[in-house]
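The values are calculated or read from the model by the stated rules, or taken from the named source; none is laboratory data. None of the values given here were measured: they were computed from a predicted structure. Heads up, the Cβs are rebuilt from the backbone with ideal geometry, glycines too, and the neighbour counts pull from every protein chain shown.
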């Protein structure tokens, strides 16, 4: 077959090709884990790989990706590709960009984009975004403008027809604290794109395809049809919610106001009435806001539908320009997750009455706790790392919340051994926090505590260590829903005293920092929880005997740790007959 522009794909062939496309991106993902320098990428997986057709329409993203990056990339990569005529790409070109307003919302998310050539023509594009833990600048959420937050890279050729632009790498090297790690991670991005491109070319050759666009149209159209069918199951109407997000430290609270209109198979989300952008780093660009709005709708209505251009089409969003969720340049955006992560929860709250079984209560991992730690070792060599930590996930109508979940973002908790090998710091304690999960028929996930110490042992001691924290839930806890109780609040302590999470915290050798993640909200009346489930919670250390009685009406014998069912029934007012 020499021309497949009108080719039709039978269902079996289409499924085989779709699975092969997924495996290609997942192989690129795997190459990141093998080649990345930063533990944030190797271990916490804070990156996203994807590829598009020749028109920039997202076709496939990696199985393990972060919704904020992926959703924003689907919009931003398409803009980049459309801004450059298809005939102006060269085989071997590689572009690099971290423009927050074009892509994923802050300078740390660096995108590397490559055209894929087959038989001398560009047939697709592959891209990956890495969250670089070090992008230079003043690493603090209380910056006032994006200029303070690090190096700003517009769409630039890193490779021109296969030739590396050393000047670009040198500019980056001289603007970051750990240049070997940063440039190593950029090369890992280039390698991931190369893996993806090679496997796409192999597939096209095997399947005798001259273009991917026809296959893309088939997949995207089917996805759109499935997404619209899922949306049509929700009753038409306009659903509203107004929520408050706390300001860090002494900063003012932020109001989020939205309406979700369901009209047949279309959804319109409008944020009119939301607070204006602020002069510190929690402002959110349109793409990042859209990403978490999309994440909420997609996961609530049908999480099993493939994610590509087709899933995006039915969902429209408007947000006032200059508002905190559609900020204007040069707003500070480094800590945009402190507001942006809440968009999923806001949509869930708006849709709660319309689709109660498809949403969850507030999560302690919203927003994820991002901890940036850097300093110099005793020998003067700089070190820099970032860890992302989750809290208790909100409960649903059917399941308890997960513990230590980074939701609605995606990622993994950095192992203690990795953090201690990458830095001079010591982890003194890490564990779950009893009674932190919100009581409910389904209990909220459990929060956790981690204590980090800057060691004071002579010549191996680090010099001053700087902590920058981007987090939330210190004032307002994750809310329970439908009778469920709130989860516990987060805490940030230095030497057992409350520390200010809105700026930088400096530690000398011997100082201790404690991070306590919030617990998830509960779902439903706690007195309706199965007493046996409460007994297990007490056994596992999730719930104390006292709180089992107070919140669940469940009596646990202190000596044996077993359930007293008769006493429980009396306390709950249930007849034993």
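Of the residues making up segment 221-240, just one is touching a strand residue (DSSP E or B) at 6+ places or on another chain (Cβ under 7 Å) and in a helix (DSSP H, G or I), namely 231. Restricting attention to segment 531-564, the residues being surrounded by fewer than 15 Cβ atoms within 10 Å (Cβ to Cβ) and over 36 Å from the mean Cα position of the chain (by Cα) number 6.
Reported count of residues in segment 155-199, each being part of a loop (DSSP other than H, G, I, E, B) and either under 20 Å from residue 126 (Cβ atoms) or within 27 Å of the chain's Cα centre (by Cα) (or both), is 8. The requirement of being in a strand (DSSP E or B), surrounded by fewer than 16 Cβ atoms within 10 Å (Cβ to Cβ) and modelled with pLDDT of 95 or more is not satisfied by residue 202. Out of all the residues in segment 66-85, is one or more touching a residue at least 12 places away in the same chain (Cβ under 8 Å), assigned to a loop (DSSP other than H, G, I, E, B), surrounded by 24 or more Cβ atoms within 10 Å (Cβ to Cβ) and under 23 Å from the mean Cα position of the chain (by Cα)? Within segment 66-85 (the criterion being touching a residue at least 12 places away in the same chain (Cβ under 8 Å), assigned to a loop (DSSP other than H, G, I, E, B), surrounded by 24 or more Cβ atoms within 10 Å (Cβ to Cβ) and under 23 Å from the mean Cα position of the chain (by Cα)), the answer is yes, since at least one residue qualifies.
Kindly evaluate residue 54 against the criterion of being over 18 Å from residue 185 (Cα atoms), in contact (Cβ under 8 Å) with a residue 60 or more places away in the chain and touching a strand residue (DSSP E or B) at 6+ places or on another chain (Cβ under 6 Å). For residue 54, the condition - over 18 Å from residue 185 (Cα atoms), in contact (Cβ under 8 Å) with a residue 60 or more places away in the chain and touching a strand residue (DSSP E or B) at 6+ places or on another chain (Cβ under 6 Å) - is met.
Quick check on my filter: what residues within segment 440-454 are over 16 Å from residue 386 (Cα atoms) and in a strand (DSSP E or B)? Within segment 440-454, 442, 448, 449 meet the criteria.
Entry remark, segment 436-461: residues being buried (at least 21 other Cβ atoms within 10 Å of the Cβ), over 22 Å from the mean Cα position of the chain (by Cα) and more than 13 Å from residue 512 (Cα to Cα) number 7 in total. Quick check, is residue 378 over 20 Å from the mean Cα position of the chain (by Cα), modelled with pLDDT of 90 or more and either assigned to a loop (DSSP other than H, G, I, E, B) or assigned by TED's automatic domain parsing to the domain that holds residue 101 (or both)? No, not satisfied. Looking at the structure I just gave you, is residue 297 crowded, with 16+ Cβ neighbours inside 10 Å, under 20 Å from residue 233 (Cβ atoms) and in contact with a strand residue (DSSP E or B) (Cβ under 8 Å, 6 or more places away or on another chain)? So residue 297 passes the test. Inside segment 258-275, residues that are out of contact with any helix residue (DSSP H, G or I) (no Cβ under 8 Å at 6 or more places or on another chain) and surrounded by 15 or more Cβ atoms within 10 Å (Cβ to Cβ) make up a count of 5. Scanning segment 122-136 for residues that are assigned to a strand (DSSP E or B) and either surrounded by 24 or more Cβ atoms within 10 Å (Cβ to Cβ) or at pLDDT below 95 (or both) yields 124, 125, 126, 127, 128, 129, 130, 131.
The single condition from (1) closer than 25 Å to residue 180 by Cβ; (2) under 15 Å from the mean Cα position of the chain (by Cα) that residue 373 fails is (2).
So that you can scan it fast, the table gives a plain yes or no per residue for (1) under 21 Å from residue 311 (Cα atoms); (2) touching a helix residue (DSSP H, G or I) at 6+ places or on another chain (Cβ under 9 Å); (3) modelled with pLDDT under 95:
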site: 43; (1), (2), (3): no, yes, yes
site: 68; (1), (2), (3): yes, yes, yes
site: 73; (1), (2), (3): yes, yes, yes
site: 85; (1), (2), (3): no, no, yes
site: 92; (1), (2), (3): no, no, no
site: 97; (1), (2), (3): no, yes, no
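One residue is enough: does segment 142-154 have a residue meeting the conditions touching a strand residue (DSSP E or B) at 6+ places or on another chain (Cβ under 7 Å), at pLDDT 95 or above and assigned to a loop (DSSP other than H, G, I, E, B)? The answer is yes; a qualifying residue exists.
Table: residues versus (1) surrounded by 13 or more Cβ atoms within 10 Å (Cβ to Cβ); (2) within 24 Å of residue 313 (Cβ to Cβ); (3) modelled with pLDDT of 95 or more.
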position: 224; (1), (2), (3): yes, yes, yes
position: 230; (1), (2), (3): yes, yes, no
position: 233; (1), (2), (3): no, yes, no
position: 236; (1), (2), (3): no, yes, yes
position: 239; (1), (2), (3): yes, yes, yes
position: 242; (1), (2), (3): yes, no, yes
position: 247; (1), (2), (3): yes, no, no
position: 256; (1), (2), (3): yes, no, yes
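When residues in segment 155-176 are screened for being in contact with a helix residue (DSSP H, G or I) (Cβ under 8 Å, 6 or more places away or on another chain) and either modelled with pLDDT under 95 or over 27 Å from residue 74 (Cβ atoms) (or both), 3 of them pass. Among the residues of segment 84-124, those that are touching a strand residue (DSSP E or B) at 6+ places or on another chain (Cβ under 7 Å) and under 27 Å from residue 340 (Cα atoms) comprise 95, 96, 97, 98, 103, 104, 108, 109, 110, 111, 112, 113.
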